[in-house]
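The values are calculated or read from the model by the stated rules, or taken from the named source; none is laboratory data. What you are looking at is a predicted structure, and each value in this text was computed from that prediction instead of being measured. Cβ: placed from backbone, ideal geometry, glycine included. Neighbour counts: every protein chain shown.
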Amino acid sequence: MRESIDVLACDVAVIGGGPAGLTAAAALRNAGVSSVVVFEREEQAGGIPRHSDHTGYGIRDRRAVMTGPAYARALVAEAHDSGVDVRTGAMVTGWAEDGAPVVTSREGRYRVDAGAIVLATGARERPRAARMIPGDRPAGVYTTGQLQGLVHLQHRNVGTRAVVVGSELVSWSAVLTLREAGCSTVLMATQADRVETPAGLALVGRTAFGFPVARRARVARIIGRDRVEAIELAHLDTGARTRVACDTVILTGDWVPDNELSRLRGLDLGAGHRGPLVDMALRTSAPGVFAAGNLLHPVDTADVAALDGRHVATEVRRWLAGDSDRRPAVRIVTEEPFAWVAPGLLRPGDPPPSRGRLLLWGTEHRALPRVVVEQDGTVLARRRIPWPLAPGRIFRLPYGMVAAARADAGDVTIRLA
Amino acid sequence: MIADVDIVVIGAGVVGCAVARHLAGFDVSIALIEARCDIGDATSKANTAILHTGFDAVPGSLEASMVARGYALLSGYADAVGIPVERTGAVLVAWTDDELAVLPSLRDKAVKNGYHACEVIDAGAVRVMLPHLGPGVVGGLTVPGESIICPWTTPLAFATEAVERGVQLMLGTRVLDVMPGPGSTTVVSDRGDIRTRWIVNAAGLGGDVIDRMLGHDRFTIVPRRGELLVYDKLARPLVDVIVLPVPTDKGKGVLISPTIFGNVMLGPTSESLVDRADTSTSEEGFAFLLAKGSALLPALMDEDVTAAYAGLRAATEHIDYVVDVDPGQRYLLLGGIRSTGLTASMALAEHAATLLSESGLDLVPRTDLPPPPRMPNIGESFPRPYSREDLITADPEYGSIVCFCERVTRGEIRDALASAIPPSDLDGLRRRTRATLGRCQGFYCGAEVSGMLGVVDA
Ligand SMILES: Cc1cc2nc3c(=O)[nH]c(=O)nc-3n(C[C@H](O)[C@H](O)[C@H](O)COP(=O)(O)OP(=O)(O)OC[C@H]3O[C@@H](n4cnc5c(N)ncnc54)[C@H](O)[C@@H]3O)c2cc1C
Ligand SMILES: Cc1cc2nc3c(=O)[nH]c(=O)nc-3n(C[C@H](O)[C@H](O)[C@H](O)COP(=O)(O)OP(=O)(O)OC[C@H]3O[C@@H](n4cnc5c(N)ncnc54)[C@H](O)[C@@H]3O)c2cc1C
């Protein structure tokens, strides 16, 4: 880094202009914080909803059902109206030695001296290589995000016969996009033993789409020199192999937090998904650095990410006002079939988390799971939860179940009874 | 049909590009013919990208001398034109007493190859250099000169300079037959015939096929596949030095290396195939590499794989390169350049010129050569455009990052599309800019980058 680099000073630097970042910024401005800047690396702010051109956004935070792009536009407009400086085409590429964000943009390269930082960099789907799917490397293999960018933002054609890999909510989002692009789904393949169907789609699913589903199946090979010609499926139990002809493969789900900046900053990471470890107020391990949205819980719906943004504003303001005291913390950990919990730090005496819920990720099905919370062998709570646990979807746990944890004891464990 | 030329070079891999560039320094007309739509699109794009010292070559072989000479030539050329190189050094790590026992003989062999800097070190010293290695290290041999280099910029720099020196680059042109005559040779291609006086066969995996077209029968290529895993950049702090296996009679092990783009690479496997175009990866290959990797560098296994690919070495029944000139046919063969061709490329080009002129080709140095090109820096050893205020101020397009994971700017993509040898597809653009090569593999920028390129593929 050269000495001459420009400096931008502000009260709060929000990194990431998706639902979480935009909402946090607007909330901070509305609460009277004078200079709030959002850095968004894309040319347009709004995050993933921008190219998720179907309905299902805004339910919890805006009390409305809207399409992704409309939702993104509403959030951007609101941030502008609140007086947030939304800088697009501005990417935080790393940190200066003293921990200040460093930005590259058309306006130049500069560092940001901010009173507080909110990380809201979101999450993405693991691409093919990270899933280690062997075979040829032809064109035609996409993640949902990439597919939606191609179809909605670039108005490009995909193939005509797709295999959708995964059976989460986002997998259905892929099916919808494919249909809109004139590509039929010939198979949905999932390692799970059941398929998640969004409530609305469950009824129409079969008749409207009419494709078979291969359960407990793994993509063992991709075949095709230039363009995908087929995939080889391996059955998890029998090992049997089947060849499925297709020209497009959509890899859905399998989320990872976009944690590069968090890791480069040396933040403590949560177990299970490696997003930054935060407490109920969304403080990370670095003083003055906060986090919100899917970076913390890959992946929940956009409204929940947005409400994180609203929630984090409270603690950011306290910090800006000079109140940096933190109560002692204990870790919250999970046992199988839970993969992770967020937030993963509890400071007894602190207010509850956003929406009064802890967010967990499950890897198995339970219709009405019985959940136990323990600390040092003492049961803090045991309850049958009146909603299901399902792979590929967030499981919400009332904060009350962990609220009795003590600061002077060991980890708080969440498990199934 | 193009005008007659003095020399046709068949194959625009790293070797053919180096040869064309070098010969274009003399007063001769040259056509460089490549079946694929881009230069460096075969074995030269998928290797471990190590600039070898040649410490472990077979002493006295042509390969040994070409690698040692190529190392020196390419090091200098890389500086001159801006090919990214990083002087990491390497350590051969011994994990068993058998391996440990071999180290002194490897050091002696290095000396025979003219390389004097190797040192046998103990397990403690290995740990200091590589604190994250798995348990069980018993010693090591340092090779301070081993370096990493950009495998894509190298052939591109050669080809760019060749074109600027007047070489006719014929991409998408497959040689179907070669018919030597008394004064000239006809090269039959799927784009028409080309008449030439001299032929250089640098066709890599297709080298024996071309050789047979000229009536020879001296070698057969058996493609030896090497699969590689490239790990996330966040793994880079785990390894600063190339970790080489100790070669034993139990076979060749795998290496772990930092890459010039700031990743960590694990591989390659080694497996003989029949199909010369089969660069697929395999379940067995992945399983083998993961087993090796978890023993060598356990912490690497916590990181995501960013890319997996395979390259095919042009192995033959001979231990050495198969290089031979036939003055009667005015034909030079550069065959069987298996696993060191990136390093040896410039030495092979120099050697080619010597062999050709000894066989009667009059090579008069030109005095009107254009200055060498300056290649865009896509490596991590020097500041890249996104981090340079001076560049961004002069041209804001360098401040507009398109590929976030790899920090590739609109300015760089624009430059690549307008360059002397523009990419013909997304793969070519990747090799010139790194766009879409990062951990998201196009989740964010795939659509945008394809848009700039005007193609549908991703
Ligand atoms: C295919 C698909 C369908 C979906 N369908 C629905 C649905 O129907 N309803 C629903 O509610 N939710 C849906 N979701 C989930 C929803 O999109 C996410 O919950 C939401 O976008 C999360 O918001 P966020 O702000 O945490 O992250 P993101 O939306 O991912 O935003 C993060 C932002 O940060 C920016 N950023 C990252 N790093 C940097 C950096 N270094 N510098 C500058 N900027 C940076 C990114 O460019 C991005 O704009 C869907 C998701 C997908 C992928
Ligand atoms: C896994 C692996 C790891 C390696 N690691 C290293 C390393 O670390 N360091 C190092 O120095 N080397 C390494 N190598 C070796 C190096 O990559 C090769 O030696 C080098 O790329 C060979 O270059 P080439 O030009 O001879 O062949 P190629 O790159 O294969 O080029 C030959 C070209 O000829 C063209 N061609 C063939 N037939 C015809 C025809 N009939 N008409 C027209 N064109 C034709 C092909 O399309 C091709 O582009 C490695 C190789 C592999 C596979």
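Odds and ends about this structure:
- Among the residues making up the stretch B:42-67, those that are assigned to a helix (DSSP H, G or I) and over 8 Å from the mean Cα position of the chain (by Cα) are B:Leu62, B:Glu63, B:Ala64, B:Ser65, B:Met66, B:Val67.
- Pairing each residue of the stretch A:138-153 that is over 19 Å from A:Gly47 (Cβ atoms) and touching a residue at least 60 places away in the same chain (Cβ under 8 Å) with any residue that is within 16 Å of ligand 2 (Cβ to nearest atom) and outside any helix (DSSP H, G or I), provided the two are 6+ apart or on different chains, yields C-beta distances under 7 Å for A:Pro138/A:Arg225; A:Pro138/A:Asp226; A:Ala139/A:Asp226.
- Filtered by the rule that a residue be within 22 Å of B:Gly40 (Cα to Cα) and either surrounded by fewer than 15 Cβ atoms within 10 Å (Cβ to Cβ) or not assigned by TED's automatic domain parsing to the domain that holds B:Ile33 (or both), the stretch B:192-219 gives a lone residue, B:Val209.
- Residues that are in a strand (DSSP E or B) and either modelled with pLDDT under 95 or facing another protein chain (nearest Cβ under 7 Å) (or both), drawn from the stretch A:142-165: A:Tyr142, A:Thr143
- Residue under evaluation A:Val86, criteria (1) surrounded by 24 or more Cβ atoms within 10 Å (Cβ to Cβ); (2) touching a helix residue (DSSP H, G or I) at 6+ places or on another chain (Cβ under 6 Å), criterion not met: (1)
- Test: A:Ser82 is touching a residue at least 12 places away in the same chain (Cβ under 8 Å), in contact with a Cys (Cβ under 6 Å, 6 or more places away or on another chain), away from ligand 1 (no atom under 13 Å from the Cβ) and away from chain B (no Cβ under 14 Å): no
- A:Ala286 vs. criteria crowded, with 24+ Cβ neighbours inside 10 Å and more than 16 Å from ligand 2 (Cβ to nearest atom): no
- Residues within the stretch B:253-276 that are surrounded by fewer than 15 Cβ atoms within 10 Å (Cβ to Cβ) and either away from chain A (no Cβ under 14 Å) or at pLDDT below 90 (or both), tallied: 2
- Meets criteria (assigned by TED's automatic domain parsing to the domain that holds B:Arg165, closer than 30 Å to B:Arg165 by Cβ and among the hydroxyl-bearing types (Ser, Thr, Tyr)) for B:Ser359: yes
- Any hit, the stretch B:5-12, residues being closer than 26 Å to B:Gly267 by Cβ and either assigned by TED's automatic domain parsing to the domain that holds B:Leu205 or within 8 Å of ligand 2 (Cβ to nearest atom) (or both): yes
- Test for B:Ala344: is it more than 14 Å from every other protein chain (Cβ to nearest Cβ), near ligand 2 (Cβ under 10 Å from one of its atoms) and closer than 30 Å to B:Val167 by Cα: yes
- Filter result (touching a Leu at 6+ places or on another chain (Cβ under 7 Å) and within 8 Å of ligand 1 (Cβ to nearest atom)) within the stretch A:24-50: A:Ala45, A:Gly46
- Residue list for the stretch A:263-312, restricted to those being more than 16 Å from ligand 1 (Cβ to nearest atom), of a type in the set (Lys, Arg) and free of Cβ contacts under 8 Å to residues at least 40 places away in the same chain: none
- All of (1) surrounded by fewer than 18 Cβ atoms within 10 Å (Cβ to Cβ); (2) at the interface with chain A (Cβ under 9 Å from one of its Cβ atoms) hold for B:Pro371 with one exception: (2).
- Looking only at residues in the stretch A:112-141 that are part of a strand (DSSP E or B) and surrounded by fewer than 20 Cβ atoms within 10 Å (Cβ to Cβ), the one that is farthest from the other protein chains (Cβ to nearest Cβ) is A:Gly115.
- The set of residues in the stretch B:18-44 being charged (D, E, K, R), crowded, with 21+ Cβ neighbours inside 10 Å and near ligand 2 (Cβ under 7 Å from one of its atoms) consists of B:Glu34, B:Asp41.
- The set of residues from the stretch B:416-458 being among the charged types (D, E, K, R) and assigned to a loop (DSSP other than H, G, I, E, B) comprises B:Asp425, B:Arg434, B:Arg439, B:Asp457.
- Lone qualifier among B:Asp415, B:Asp427 - being within 16 Å of ligand 2 (Cβ to nearest atom) and charged (D, E, K, R): B:Asp427
- B:Leu169 part of a strand (DSSP E or B), in the same structural domain as B:Pro372 (by TED's automatic domain parsing) and in contact with a Ser or Thr (Cβ under 7 Å, 6 or more places away or on another chain): no
- Selection from the stretch B:392-415 of residues that are more than 9 Å from chain A (Cβ to nearest Cβ), over 27 Å from the mean Cα position of the chain (by Cα) and of a type outside the set (D, E, K, R): B:Ala394
- Any chance B:Asp304 is more than 24 Å from the chain's Cα centre (by Cα), within 10 Å of chain A (Cβ to nearest Cβ) and either without any contact (Cβ under 8 Å) to a residue 60 or more places away in the chain or within 29 Å of A:Gly94 (Cβ to Cβ) (or both): yes
- Every condition in (1) under 19 Å from the mean Cα position of the chain (by Cα); (2) under 21 Å from A:Gly288 (Cα atoms) is met by A:Val84 except one, and the failing one is (1).
- Unmet requirement for A:Arg109, which otherwise passes all of (1) surrounded by 19 or more Cβ atoms within 10 Å (Cβ to Cβ); (2) touching a helix residue (DSSP H, G or I) at 6+ places or on another chain (Cβ under 7 Å); (3) assigned to a helix (DSSP H, G or I); (4) modelled with pLDDT of 95 or more: (3)
- Against the test of being more than 12 Å from chain B (Cβ to nearest Cβ) and not basic (Lys, Arg), the options A:Thr252, A:Thr238 yield a single qualifying residue, A:Thr238.
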